[in-house]
Amino acid sequence: MGRQDLLERGGALRAEGEDVAAEAGEGGEVGGVADTTTGRPVTAGLRHRVGSVTKSFTAAAVLLQAERGRIDLDAPVGRYLPRLVPGERGDAITVRMLLGHTSGLAEYLPYAYPSLRAFPDLAKTGPESLDGHRFTRFDPVELIGMGVAAPATGAPGTASGVYSNTNYLLLGQLLERVTGTAAERCVTREVIEPAGREDTGFPDGPHVEGPHSRLHEAWFGMIDPPRDYSVFDMSFVGPSASLISTVADLNRFYRLPLTGEIVSHASLAQMRRTAPVLSQEGEVIDYGLGLYPLETPGRAAFWGHGGTVWGGGTLAASSADGRRQLAVAVNLQRWNRLDGSGRPRPHPVDEALDAFHHLAMYG
């Protein structure tokens, strides 16, 4: 499957540089289908659920509070949130560990979604929970409690970590504790509004307001044809992964931290100190504080974040000098079938996306 085939499956692909823009599609236009029923095309200005790309925004808000002396990155989280992480763990886990996923706190999702008890063991999961929880309003404190009560994934501060949304829900509670306002409002006021990102924001209900693509979930072929999950209450991830944005906004946002226009250069240096972290896909990535590098041997690294939601995927990054940006949004997710061991099989869409990423980053 080539690039045009990928676009026909749906998605907005866009890469920007300081003086150059590259867009995938005929005639230099952003290509793809926003709605498979009507054939409505994708544009770079359509709003999209960006999943864990949210973590870069939340991390920036935490670093800003640290710059102002309201948060000590190396202080125990129990100093700020003793009821949420009590006792010895609260004394051992620092704010920095939450930002970098080295806290040892487990993921709460398997416990929040009863049908997904084996998550992320893909061979044993199914899509049943998706419909049952479309409009469920989750309490972040309850979700944190599930993650804290679950068996630890390791000792706090070990050399390698395990990716967990529990960390970023706690950071949301930390922001609320030190600023006196909800985390989503704090991130909006401190990061999104100063960056001038008018099409970026947190949802206040299950709908994506404004023009947007439909989000088609295939769940590894178990949902055939793929079903639209554009309407979904994202309170189960909150300041960890519920942000809505556009690829145009993301391109501009990721340039700012890397040029010292949101957090200070000293804070950026801390965000770019990495440790190996096991992702939810079972891969080890070098993770910083809300950022990680996209590296190609022999090439300069790009820094950014990826994210998935039900029916959608996003990747956004910037070159280290801030001169070139990449933002990709797709509105079909988990298109791979699973092999006998429960691992996603290779698919031509993956190859097409990798080729586009390389082209966008390096020309």
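The values are calculated or read from the model by the stated rules, or taken from the named source; none is laboratory data. In this text the structure is predicted, and so the values were computed from the model without any measurement. Ideal geometry is used to build each Cβ from the backbone, glycine not excepted, and the neighbour counts take in all protein chains shown.
Residue count for segment 126-178, restricted to those that are in a helix (DSSP H, G or I) and within 22 Å of Thr54 (Cα to Cα): 24. When segment 192-204 is filtered for residues that are modelled with pLDDT of 90 or more and more than 19 Å from the chain's Cα centre (by Cα), only Glu193 remains.
Scanning segment 341-352 for any residue that is out of contact with any helix residue (DSSP H, G or I) (no Cβ under 6 Å at 6 or more places or on another chain), among the hydroxyl-bearing types (Ser, Thr, Tyr) and outside any strand (DSSP E or B) turns up at least one such residue. Applying the condition of being in a loop (DSSP other than H, G, I, E, B), at pLDDT 95 or above and of a type in the set (A, V, I, L, M, F, W, C) to segment 275-316 and asking which residue is surrounded by the fewest Cβ atoms within 10 Å (Cβ to Cβ) yields Leu291.
Quick check on segment 9-23. Is at least one of its residues out of contact with any Cys (no Cβ under 6 Å at 6 or more places or on another chain), at pLDDT 95 or above and of a type outside the set (S, T, N, Q)?
Start the filter on segment 9-23 by keeping residues that are out of contact with any Cys (no Cβ under 6 Å at 6 or more places or on another chain), which leaves 9-23.
Add one more test, that the residue is at pLDDT 95 or above, and what stays is none.
Checked segment 9-23: no residue is out of contact with any Cys (no Cβ under 6 Å at 6 or more places or on another chain), at pLDDT 95 or above and of a type outside the set (S, T, N, Q).
Can you find even one residue in segment 193-213 that is hydrophobic (A, V, I, L, M, F, W, C), surrounded by 21 or more Cβ atoms within 10 Å (Cβ to Cβ), closer than 28 Å to Arg134 by Cβ and out of contact with any strand residue (DSSP E or B) (no Cβ under 7 Å at 6 or more places or on another chain)? Within segment 193-213 (the criterion being hydrophobic (A, V, I, L, M, F, W, C), surrounded by 21 or more Cβ atoms within 10 Å (Cβ to Cβ), closer than 28 Å to Arg134 by Cβ and out of contact with any strand residue (DSSP E or B) (no Cβ under 7 Å at 6 or more places or on another chain)), the answer is no, since none of the residues qualifies.
Suppose we filter segment 77-92 for residues that are part of a helix (DSSP H, G or I), within 15 Å of Gly147 (Cα to Cα) and without any contact (Cβ under 8 Å) to a residue 24 or more places away in the chain; how many remain? Adding up the residues that qualify gives 1.
Conditions tested, residue by residue: (1) out of contact with any helix residue (DSSP H, G or I) (no Cβ under 8 Å at 6 or more places or on another chain); (2) within 30 Å of Pro76 (Cβ to Cβ).
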residue: Leu130; (1), (2): yes, no
residue: Thr136; (1), (2): no, no
residue: Val141; (1), (2): no, yes
residue: Tyr163; (1), (2): yes, yes
residue: Leu169; (1), (2): no, yes
residue: Thr179; (1), (2): no, yes
residue: Phe202; (1), (2): no, yes
residue: Pro225; (1), (2): yes, no
